[in-house]
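Contents: one structure, followed by commentary.
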Amino acid sequence: MLSSARGFWGRHRRKILFSLGVAGVGYAAYRLYETHQRKLVRVEQRAQEERAADELIKNQLQTHFENVQRISDTTTLPFAMHYLRSRIMEELDISHLTERLLQGKGESSTLTPKEKYDTWEKIKILSFTRTVCSIWATTMLSLYVRVQVTILGRHLYLDFARVTDGAHLQEESDAFSKNGHKDFLATADYLATYGINALITKMQHAATEILKEKQLKDPMNMDQVLQTMLQILDQFMGLCIDNSWINYLVPENANLYAQLMAVSSSGFDESSLLKDVRKLDQLMSETRIVLSSDDFINIMERSLRKIAGVVIEDLAIQIGTPIPPSGLPLAKLLARVAQLSLPLLEEPNKNKHIQIIRSMPEVELFYTFLYANMPQET
């Protein structure tokens with residue numbers, strides 16, 4: 001038996017070893033294949049988890065974007081517009097001039113012809129200044145506040161995302177009171193508080209330059225009134241060398257602004273404001289960069305021209321009666337031109353001009369890209 005087994009082993013030794021070797025190689029290859037498949041499954045699972053996490057963050061980003069825009073609509077912008085209206089009406093009041101003309105009517109007039117002429121000229125300049133200033137201020141404040149809350153919303157989201165690793169965002173009401181955020185939102189009042197006088201002075205200078213050749217008796221149709229307003233806007237922007245108009249909206253120096261706020265307003269916590277000035281300076285610097293960008297200047301110019309066109313449509317409606325092709329004497333248009341500023345400075349939820357700006361596709365696209373593409377570390 002043993003000898004026959006040895007004989008069988010001797011005769012088939014090569015075949016047996018070859019078979020065992022093939023089987024071993026096949027088993028090893030199978031194990032390697034199985035391990036590779038498990039790795040592929042794990043990789044795919046991780047990829048799916050990452051896609052799900054990215055989608056969650058994307059959805060949260062969109063939701064948060066909508067939330068910070070609502071803050072602009074319900075708090076920041078309404079308060080800023082209310083103060084802006086009172087300042088423009090106060091600084092560009094023409095009622096005393098019209099009363100002077102009324103008192104000077106009749107044979108017993110105490111006004112000389114030159115005094116009458118000079119008064120009419122002042123009314124002409126101030127009427128256009130008030131309305132064009134209102135067009136610019138309303139448009140720019142609306143755009144500025146949305147830049148502001150978009151920058152702040154992005155900062156808040158990234159701060160929360162780093163802490164929560166993509167978990168649900170915290171409530172905005174807690175976050176806005178920290179790290180200079182609340183103080184940054186308060187800069188929406190800077191235009192009405194500190195920038196308005198310089199704005200009015202330069203706008204009046206532009207209006208004087210454009211209107212100097214336009215006589216009170218000259219007829220003007222609606223298109224000519226529109227072109228006059230656009231020329232004043234262009235002249236004004238031309239006077240603002242190196243985008244100096246930004247200084248009407250954004251404080252130039254965070255430290256000085258913080259000190260002004262701490263001294264002038266009892267609503268500010270002085271120690272907190274001065275402590276958070278570094279964050280405030282960062283947010284203000286980012287805002288200036290956005291406002292000076294070509295993309296923002298593009299939507300600014302489009303918005304200003306759009307609102308100017310709507311204002312002239314309102315003027316034609318107010319006149320009511322058919323307007324001759326040649327137009328009406330400029331003197332007869334001035335009172336209505338001045339009145340156009342009132343609806344421009346209406347509170348946001350009643351202000352159709354702000355709604356028009358907000359619904360412009362190019363404006364919506366700008367803010368969507370701004371929110372999504374701001375640097376994560378600034």
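The values are calculated or read from the model by the stated rules, or taken from the named source; none is laboratory data. It should be emphasised that the depicted structure is a prediction, and the values quoted were computed from it without experimental measurement. Positions of Cβ are generated from backbone atoms using ideal geometry, with glycine treated the same way; all protein chains shown enter the neighbour counts.
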Can you name the residue in region 328-345 that is touching a helix residue (DSSP H, G or I) at 6+ places or on another chain (Cβ under 8 Å) and of a type outside the set (A, V, I, L, M, F, W, C) and is also farthest from Ile88 (Cα to Cα) among such residues?
-> Arg336
What about Gln48, is it surrounded by fewer than 16 Cβ atoms within 10 Å (Cβ to Cβ), farther than 25 Å from Leu342 by Cα, at pLDDT 75 or above and not β-branched (Val, Ile, Thr)?
-> yes
So which helices (runs of 4 or more DSSP H) stay within region 331-378 end to end and still have 1 or more residues that are at pLDDT below 90?
-> 361-373
Return yes when Thr75 is of a type in the set (Ser, Thr, Tyr), at pLDDT 75 or above and loosely packed, with under 12 Cβ neighbours inside 10 Å and no when it is not.
-> no
Condition set out of contact with any Ser or Thr (no Cβ under 9 Å at 6 or more places or on another chain) and surrounded by 21 or more Cβ atoms within 10 Å (Cβ to Cβ), scope region 186-201, selection farthest from Ile125 (Cα to Cα): answer is Tyr190
Look at Leu226 and say whether it is under 30 Å from Ser292 (Cβ atoms), touching a residue at least 12 places away in the same chain (Cβ under 8 Å) and part of a helix (DSSP H, G or I).
-> yes
Positions within region 299-355 being crowded, with 17+ Cβ neighbours inside 10 Å and among the small types (Gly, Ala, Ser), in sequence order | Ser303, Ala308, Gly327, Ala338, Ser341
Within region 214-259, can you find the residues that are at positive phi and touching a Ser or Thr at 6+ places or on another chain (Cβ under 6 Å)?
-> Asn243
Only one residue in Thr110, Thr138, Thr131 is out of contact with any strand residue (DSSP E or B) (no Cβ under 8 Å at 6 or more places or on another chain), polar (S, T, N, Q) and free of Cβ contacts under 8 Å to residues at least 12 places away in the same chain, so which one is that?
-> Thr110
Within region 311-354, residues among the aliphatic types (A, V, I, L, M), touching a residue at least 40 places away in the same chain (Cβ under 8 Å) and within 13 Å of Thr138 (Cα to Cα) come out as Val311, Leu340, Leu344, Leu345, Ile354
When you look at Asp183, is it surrounded by fewer than 21 Cβ atoms within 10 Å (Cβ to Cβ) and assigned to a helix (DSSP H, G or I), yes or no?
-> no
Would you check if there is a residue in region 232-242 being polar (S, T, N, Q), under 29 Å from the mean Cα position of the chain (by Cα), part of a helix (DSSP H, G or I) and over 26 Å from Gln148 (Cβ atoms)?
-> yes
